[in-house]
1. Cross-link partners among lysines for LYS51, C-alpha distance below 23 Å, same-chain residues fewer than 8 apart left out?
2. Can you give me the relative contact order of segment 76-179 as a percent, contacts being Cα pairs under 8 Å and 6 or more apart?
3. Normalised by the residues of segment 1-91, what does the relative contact order come to in percent, with Cα pairs under 8 Å and at least six apart?
Amino acid sequence: MKLQVTDIKGISTGNIDVREDVFSVPAKTALVHQVVVGYLSNKRQGTAKTKTRSEVSGGGAKPRPQKGSGRSRQGSIRSPIWVGGGRAFGPSPRSFRKNTPKKMRRLAMLSVLSDKARQGNLLLVDNFDIQNSKTKSVVNLLGALSVNGSSLLVTDGVNSDLVRSAQNIDSVKTLPVQLLNALDLMNKKWIVMSVDAVRKVEEIWGGVYKGENIFSNIESTDVVSDLEAVGSDSVSEMDEIRSAVEEIISNE
C-alpha cells in the first residue's frame, strides 16, 4: 500500500510503502464505539456529591403537631420535599472506570487510522521543520495542506517548537506517536503525520491486526481505483465496502 508524502509547503515529494496490517484494517465500528466509551468514562472524575436528609444540618424538632392544624404530617424540615432539605437519590462519589483490554484499544486505533487513510483525511509530510515557535508557522502549514477543520499533528517524539506553535489554535492538537489513541483520532477530522511517525506506528503496532485487509481479495489495481471512486462516505462502513467489492469483482 502506498501513501503520498508532501513537504510543509504542500509540494508532493513522492510516495512511500506502508504496512497494510496498519493502514488497511477493516472498519470495526462496534469495537471503536466500545473503546471510545471506555476512554470517555475513564476521564470522568466521579466526585459529584449531594447531602441526604441525614447529612443536612438542623431539623431535629418536629416542625408542627401531628394533628389539629389541618396541614400535612411532617417530621422534619430537612425532608427532601422541603426547601433546604436533603436530596433523595442524589449522586455520590463513584468510579466510572472501564478496563478495556490492550488488544482492543490497539485494534480500535488501527481501525480508525485506516479509515482516515481510506477517506483521504490522513496526510503525510516529510518532516515538521518549524523554524520558529510562532502560530503563523502552523497556520501556513495547514493552509498549504488544504486542511479545513480540526486536525491532529502526530510527531515522532516530542517536538517542542511544534507544540508551542500550535498551542494557541483551538482546533489543532499535537501528539507524539507513542500516545496515539482512538479517541484523539476520532475527535479530529484531519490527521497529519510525519514519515518518521508513520514508521514508528508500524514498529509499535505492526502485526497487531492478523486478519485480512479490505483489499486482500483484489488483485487488479484498476479495481482498487474503482473502489476508491465509490465514495468516501460509503468506505467507512464495512458492509458497504464488502458489497462494493463484490459488485466490482462481478463486473470484471
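1. By straight Cα distance, LYS51 reaches LYS62.
2. Worked out over segment 76-179, it gives 19 percent.
3. 21
Quick note: the coordinates plus some simple rules give every number you see, no bench work behind them. All values derive from a computational prediction rather than experimental measurement.
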